[in-house]
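The values are calculated or read from the model by the stated rules, or taken from the named source; none is laboratory data. All values reported here derive from a predicted model rather than from experimental measurement. Virtual Cβ from ideal backbone geometry, glycine too; neighbours counted across all protein chains shown.
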């Protein structure tokens, strides 16, 4: 009788062990057929998280922004209302853990994005909190324009407030996306009451409408045409993980399958 009871207990223990593992969200051990596109993002996400160069570029951008702001403040006349307008994701908040999770589970945006935003745990990018507080301390208003959808307001606001960003006591300076993705109407609303002296973002669409919906070649041409604005009124932050540049590679057809996107990526490369 001892052996059968031992055997039953052993089987029961194995079943308990596996049932306990079943509820955990773990990285997949094998790559699904359409998951290779997420493997392609390993290097860009690793660079963003692990390279000191990424940190240096953020400090460099905010140092330039401060220098430009000081120049404008020196010319300021009484009564002028000045504003700095910044994007949120990868401009002042680091969402690379979301990108890393997408690689682990072979599922990308929008899967898990709302949950990540509502956690309100994104860390500030290097130099962002210091620069924006410097601007406010010198009488400049800061506005945050993000394409996070408006139902994510609470988590976004809590995240910015918890990390020490200025002018987030209320949501008056935080503009999320309601309907259209273009940020131009939101910029125009701010421009009704303020002179926007700096625009900062990791995406050209954060800076001006002229870049929106353009092909890869036309985006480059627009940058060349406006080259004197960069480092002056336009400040670009690093983000190799995603952006409108990727949309341009797909001709903005985000409904492509993952294998089709991977094919478009390779086809856009220049080799020798």
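Please state which one of 200, 241 is touching a residue at least 40 places away in the same chain (Cβ under 8 Å), touching a helix residue (DSSP H, G or I) at 6+ places or on another chain (Cβ under 6 Å), closer than 24 Å to residue 45 by Cβ and crowded, with 16+ Cβ neighbours inside 10 Å. Walk me through how you get there before you give the answer.
Numbers: 200 fails: touching a helix residue (DSSP H, G or I) at 6+ places or on another chain (Cβ under 6 Å).
Unique residue meeting the criteria: 241.
Determine, yes or no, whether residue 90 is at pLDDT below 95 and either within 28 Å of residue 208 (Cβ to Cβ) or out of contact with any helix residue (DSSP H, G or I) (no Cβ under 6 Å at 6 or more places or on another chain) (or both).
Details: at pLDDT below 95: no; either within 28 Å of residue 208 (Cβ to Cβ) or out of contact with any helix residue (DSSP H, G or I) (no Cβ under 6 Å at 6 or more places or on another chain) (or both): yes.
Spelling it out, it is not the case that residue 90 is at pLDDT below 95 and either within 28 Å of residue 208 (Cβ to Cβ) or out of contact with any helix residue (DSSP H, G or I) (no Cβ under 6 Å at 6 or more places or on another chain) (or both).
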Report task. Given the conditions (1) surrounded by 14 or more Cβ atoms within 10 Å (Cβ to Cβ); (2) in contact with a strand residue (DSSP E or B) (Cβ under 9 Å, 6 or more places away or on another chain); (3) under 26 Å from residue 116 (Cβ atoms), report the number of the one that residue 223 does not fulfil. Result -> (3)
Query raised in the report: Can you tell me which residue in the range 112-135 is farthest from residue 73 (Cα to Cα), limited to those that are more than 19 Å from the chain's Cα centre (by Cα) and crowded, with 16+ Cβ neighbours inside 10 Å?
Result: 134
Report task. Go through the range 244-272 residue by residue and tally those that are part of a loop (DSSP other than H, G, I, E, B) and touching a residue at least 40 places away in the same chain (Cβ under 8 Å). Result -> 2
Report summary line: Among 102, 56, 83, the single one that is closer than 29 Å to residue 259 by Cα and either at pLDDT 95 or above or in contact with a strand residue (DSSP E or B) (Cβ under 7 Å, 6 or more places away or on another chain) (or both) is 102
Query raised in the report: Among the residues of the range 153-161, is there at least one that is more than 21 Å from residue 208 (Cβ to Cβ), out of contact with any helix residue (DSSP H, G or I) (no Cβ under 8 Å at 6 or more places or on another chain) and touching a residue at least 24 places away in the same chain (Cβ under 8 Å)?
Result: yes
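Can you tell me which of 235, 190 is in contact with a helix residue (DSSP H, G or I) (Cβ under 6 Å, 6 or more places away or on another chain) and buried (at least 17 other Cβ atoms within 10 Å of the Cβ)? So that I can check it myself, show each step before the final result.
Details: 190 fails: in contact with a helix residue (DSSP H, G or I) (Cβ under 6 Å, 6 or more places away or on another chain).
Sole residue among the options that is in contact with a helix residue (DSSP H, G or I) (Cβ under 6 Å, 6 or more places away or on another chain) and buried (at least 17 other Cβ atoms within 10 Å of the Cβ): 235.
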Report summary line: The correct count of residues that are modelled with pLDDT of 85 or more and more than 16 Å from the chain's Cα centre (by Cα) in the range 18-41 is 6
Query raised in the report: For the range 203-218, which residues satisfy the criterion of being buried (at least 19 other Cβ atoms within 10 Å of the Cβ) and in contact (Cβ under 8 Å) with a residue 40 or more places away in the chain?
Result: 203, 204, 206
